Amino acid sequence: MRHLLFAFIIPIFLISQENYKKTCGVKRNLIQSATKNNTITKANLSEIITIPVHFIIVHKPNEEIGEGRNLSYEQIYSQIEVLNEDFRKLNPSFINTPDEFLPVAADCMIEFCLATIDEYGNSTNGITRYPYDSNQMSENYWEDVISQETYWDPKYFLNIWVARLGGGNDGFAYMPSDNVPLYLDGVVVKDRYVGRGGSAQWPFDEGHLTTHEVGHWLGVDHTWDSWDNYSCSIDDGIEDTPEQYEEYYDCPSYPQYSCDSSDMFMNFMDYVDDACLSLWTEGQKNLMHNIIQNDRNELLNNPYNCDNSSNISEEIKPRKIIQTIDLLGRPSTHQKGFNIKIYNDGSVKKIFIIK
Ligand SMILES: [Zn+2]
């Protein structure tokens with residue numbers, strides 16, 4: 001009887017592990033992008049770059065907005081907020097960054113907004129809802145049909161498809177390359193791991209999966225060697241992310257070592273749970289800015305940049321955090337305890353950061 005019981009327990013355990021294990025199907029092109037060559041120009045790191053985002057929500061036809069995989073506006077907008085925190089070093093989890101990595105932790109100076117003008121010049125809330133009567137969306141169907149029907153010009157917009165992705169990946173993105181067709185040049189993420197709170201599911205319920213995929217879209221690779229499958233000789237090509245043999249899962253205790261160094265498993269380009277991700281490095285920031293200046297330079301002086309002063313015809317108007325202060329009104333250093341976010345529409349939101 002004991003053996004029989006064991007036989008039942010193990011498969012359930014394996015299934016639940018599989019559900020929570022992050023996998024990313026990043027697409028690298030054989031033609032090298034600016035990531036891997038030496039002809040890149042020096043990036044100007046002093047300017048904030050704002051990228052208009054177009055969300056494509058692939059949902060079952062019978063789902064109303066806010067139901068099932070047809071995510072609410074609030075859920076989608078929470079993902080924009082997470083991106084703006086993560087790429088500006090304003091993420092609450094940053095306080096968990098180990099001291100040894102603080103000197104290389106970067107404010108990437110990149111911000112995101114929901115597009116307010118579509119590629120035809122019409123007003124939009126930045127969201128396209130796409131009914132699709134299938135239990136899952138295969139990567140092939142996305143490539144052959146959905147991406148081509150829904151993308152906006154990726155030279156000016158970041159397209160993020162949200163779908164019940166089949167095939168084992170929680171998300172994927174194409175690294176920058178001239179060889180990627182325009183309609184594939186974006187990010188795809190599983191609907192249950194989008195945004196913060198709400199319908200997002202643990203352990204990827206803080207929006208960092210999208211941050212990770214957007215990192216790929218901006219040319220950043222995994223922090224370990226995921227090209228040749230595990231070694232200490234090749235990794236992401238970035239100097240200030242330590243050599244790392246393999247990816248980490250769950251929420252490892254600090255420190256962890258491989259390749260004779262302390263591993264930066266809390267970097268957004270690793271696979272650990274959302275709650276345990278906390279930083280980008282200066283090297284990764286530099287690469288992203290180089291990619292924008294070389295491979296995605298239409299994003300600079302973008303004529304489609306979001307106009308937050310215009311009225312959005314449906315749902316609520318996007319808000320933007322303009323400052324975060326502590327209870328005494330001083331600029332917040334994101335210590336634990338109360339912090340107050342001030343938005344551009346004059347509203348404020350109090351958040352409590354728990355170490
Ligand atoms: Zn990845």
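Brief remarks follow.
- A single member of Pro154, Pro203 is closer than 19 Å to Gly25 by Cα and assigned to a loop (DSSP other than H, G, I, E, B), and it is Pro203.
- Residue in region 224-231 that is within 16 Å of the ligand (Cβ to nearest atom) and free of Cβ contacts under 8 Å to residues at least 12 places away in the same chain present: yes
- Flag: Arg196 does not match the condition of being more than 12 Å from the ligand (Cβ to nearest atom), basic (Lys, Arg) and out of contact with any helix residue (DSSP H, G or I) (no Cβ under 7 Å at 6 or more places or on another chain).
- Enumeration of residues in region 120-138 that are modelled with pLDDT of 95 or more and outside any loop (DSSP other than H, G, I, E, B): Ile127, Thr128, Arg129, Tyr130, Pro131, Met137
- Among the residues of region 44-78, those that are in a loop (DSSP other than H, G, I, E, B) and of a type in the set (Val, Ile, Thr) comprise Ile48, Ile65.
- Subset of region 206-226 [within 21 Å of Trp152 (Cα to Cα), of a type in the set (A, V, I, L, M) and assigned to a loop (DSSP other than H, G, I, E, B)]: Leu218
- Residue in region 94-105 that is out of contact with any Lys or Arg (no Cβ under 9 Å at 6 or more places or on another chain), β-branched (Val, Ile, Thr), surrounded by 15 or more Cβ atoms within 10 Å (Cβ to Cβ) and farther than 30 Å from Asn286 by Cβ present: no
- Residue that is farthest from Asp107 (Cα to Cα), among those in region 28-69 that are within 16 Å of the ligand (Cβ to nearest atom) and either modelled with pLDDT of 95 or more or surrounded by 15 or more Cβ atoms within 10 Å (Cβ to Cβ) (or both): Arg28
- From the list Glu81, Glu100, the lone residue that is under 28 Å from Trp152 (Cβ atoms), assigned to a helix (DSSP H, G or I) and in the same structural domain as Phe268 (by TED's automatic domain parsing) is Glu81.
- Any hit, region 237-256, residues being assigned by TED's automatic domain parsing to the domain that holds Pro303, under 18 Å from the mean Cα position of the chain (by Cα), within 16 Å of the ligand (Cβ to nearest atom) and touching a residue at least 60 places away in the same chain (Cβ under 8 Å): yes
- Number of the exception - Met288 against (1) in a loop (DSSP other than H, G, I, E, B); (2) closer than 18 Å to Ile51 by Cβ: (1)
- Selection of first residues in region 158-185 that are within 14 Å of Thr210 (Cα to Cα) and outside any loop (DSSP other than H, G, I, E, B) and of second residues that are among the hydroxyl-bearing types (Ser, Thr, Tyr) and away from the ligand (no atom under 14 Å from the Cβ), restricted to Cβ pairs under 6 Å at least 6 apart or on distinct chains, gives the following pairs, ordered by first then second residue: Asn159/Tyr151.
- Residue that is out of contact with any Phe, Trp or Tyr (no Cβ under 8 Å at 6 or more places or on another chain) and within 16 Å of the ligand (Cβ to nearest atom), where the choices are Gly215, Gly219: Gly219
- Of all residues in region 16-26, none satisfies being among the aliphatic types (A, V, I, L, M) and modelled with pLDDT of 95 or more.
The values are calculated or read from the model by the stated rules, or taken from the named source; none is laboratory data. Just so it is clear, the structure is predicted and the values come from calculations on it, not from any experiment. So basically every Cβ, Gly included, is an ideal-geometry build from the backbone, and we count neighbours across all protein chains shown.
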